[in-house]
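Before any comments, here is the structure.
The values are calculated or read from the model by the stated rules, or taken from the named source; none is laboratory data. In this text, all values refer to a predicted model and were calculated from it rather than measured experimentally. Cβ atoms come from the backbone with ideal geometry, glycine included; neighbour counts cover every protein chain shown.
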Amino acid sequence: NASGIYSFTGLTPGVPYSVSFVAPTGYTATIANAGGDDTKDSDANPVTGQTQSVTLAPGENNPNLDAGFYIPSASLGDFVWVDTNKNGIQDAGEPGIPGV
C-alpha cells in the first residue's frame, strides 16, 4: 500500500515461500540482516532483492519479511592538474595540484 505495508494471505502451510523486492527507481537496497532485531532489519538480499525461503506451519503468521531501500548520495570530482602546455587537456606527465 502507500505506506509500504504488504501481506500475502491464504498461503499453503508446509510450502517454502520467499519474497522478491524490486528497488524503486533511484533507490538502492540496504544491508540485509543488520543488527539483532529481525523485526526491524531488512531481509532482502541487496543484490537479488529476494528473502530467504520461509516455510510456514498451519496457522503461522510471519510479519517479519521486510526490505529497506535508500537513495544513495551523489558525488562528483576528477583531477586538478598543472596544464604546462596550456592546451586544456590532461597530458601524460602533467602533475596534479594538491590541496585544491
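Miscellaneous remarks
- Selection from segment 12-22 of residues that are in a loop (DSSP other than H, G, I, E, B), among the polar types (S, T, N, Q) and within 15 Å of LEU65 (Cα to Cα): SER18
- Boolean, ASN45 is under 18 Å from ALA29 (Cβ atoms), surrounded by 10 or more Cβ atoms within 10 Å (Cβ to Cβ) and touching a strand residue (DSSP E or B) at 6+ places or on another chain (Cβ under 9 Å): yes
- Residue list for segment 62-90, filter: more than 28 Å from TYR17 (Cα to Cα), in contact with an Asp or Glu (Cβ under 6 Å, 6 or more places away or on another chain) and not aromatic (Phe, Trp, Tyr): VAL82, THR84
- Answer residue from segment 12-32, given it is within 16 Å of ASN62 (Cα to Cα) and surrounded by 13 or more Cβ atoms within 10 Å (Cβ to Cβ) and is nearest to the chain's Cα centre (by Cα) among those: VAL19
- Looking across THR25, THR51, THR55, one residue alone is hydroxyl-bearing (Ser, Thr, Tyr) and in contact with a Ser or Thr (Cβ under 7 Å, 6 or more places away or on another chain). It is THR51.
- The listed residues are THR9, THR25, THR39, THR84, and the only one of them that is touching a residue at least 24 places away in the same chain (Cβ under 8 Å), part of a loop (DSSP other than H, G, I, E, B) and of a type in the set (Ser, Thr, Tyr) turns out to be THR39.
- Candidates ALA34, ALA2, ALA67, ALA74 - the one that is modelled with pLDDT of 95 or more and assigned to a loop (DSSP other than H, G, I, E, B): ALA67
- Looking across PRO58, PRO46, one residue alone is within 13 Å of the chain's Cα centre (by Cα) and of a type outside the set (A, V, I, L, M). It is PRO46.
- Members of segment 66-98 that are surrounded by 10 or more Cβ atoms within 10 Å (Cβ to Cβ) and of a type in the set (Ser, Thr, Tyr): TYR70, THR84
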